[in-house]
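J.: The structure follows.
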Amino acid sequence: MGAATASLFAQAGARVLIVDRDADLAGRTAADLGCEAIIGDVSQSGFCDDAVARAAAAGRLDGLVNAAGIILRATGLDTSDEDWRRTLDVNVSGVFYMCRAAIRQMKAQAADASGGRGAIVNFGSIWGELGGKGALAYAASKGAVHQITRTFAIEHARDGIRVNAVCPGEVDTPMLRAAGRAVPLTDEQAREMGERVVPMGRLAQPVEIARMVRFLCSDEASYITGAMHYVDAGYSAV
């Protein structure tokens, strides 16, 4: 979903900077889009500060998309201390560090004609609101992302900085297939499982989530902040 989002922004003419700890994947994606990649771990605050500084090197940072995330398929009783800490380090601390660094930069730059200084979109999840049986650490982390989003939005609404979250449902991504194998399920079984529980009867494609991210970063969403936007084919309505 992060790669699909980067692609949409690049197609729209934006200057894109990709941040990832997977050097091979980030390098291939950046090469395809003709942009730069920074390799590192968002769970490290110093790295996040440096990444934002590099993104703003041209003098301005218009948008931040926090799409990095990991998932552990385990019940609460089966979740180890190490897995709990790592999930929160990436999914929660990473979002907080990147938001904090980006907002500091956005506050320092001039407002545009509409009074805006920048937009942030965090990747939450339907499980951040509904709970996720068999994935307690992930569900807890996404609930925290939702509260980070709401609170930063309230604190910086009058600074002209908008902060929203996109909350995907079941999406056909490597994360979904990897999580399926941990059950264990084949890739096809994982897809079928998702399709059975989605009202539309199919998994989302990453670009369908990316389109919402692009909208939330655009001037068309100028009056939207502090909101969780569900892109889940009706899953949360059941």
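Read-outs: derived from the displayed coordinates by stated rules, not from any lab. Model, not experiment: these values are computed from the prediction. With ideal geometry, Cβ positions are generated from the backbone for all residues, glycine too; neighbour counts draw on all protein chains shown.
J.: Once you sort the root eigenvalues of the Cα gyration tensor of segment 1-83 as a ≥ b ≥ c, which label holds: rounded (a/c under 1.5), prolate (a/b larger than b/c) or oblate (the other case)?
T.: Prolate shape, in that a/c is at least 1.5 and a/b is the bigger ratio.
J.: Tell me the Kirkwood radius of segment 72-210: reciprocal of the mean inverse pair distance over distinct alpha-carbon atoms, in Å.
T.: Here the Kirkwood hydrodynamic radius works out to 16.6 Å.
J.: With each run of n ≥ 4 DSSP H residues scored as -39500 (n - 2.57), what mean residue ellipticity at 222 nm is computed for the chain after dividing by its residue count and rounding to the nearest 500 deg cm²/dmol?
T.: -14000 deg cm²/dmol
J.: Let me ask something else. Determine the dipole magnitude for the chain: charges of +1 sit on the beta-carbon of Lys and Arg, -1 on that of Asp and Glu, nothing else is charged, the reference point is the Cα centre, and the result goes in debye to the nearest 20.
T.: My answer is approximately 460 debye.
J.: Provide Rg and Dmax in Å for the chain, with only Cα atoms included in the calculation.
T.: When restricted to the Cα atoms of the chain, Rg and Dmax are 17.3, 53 Å.
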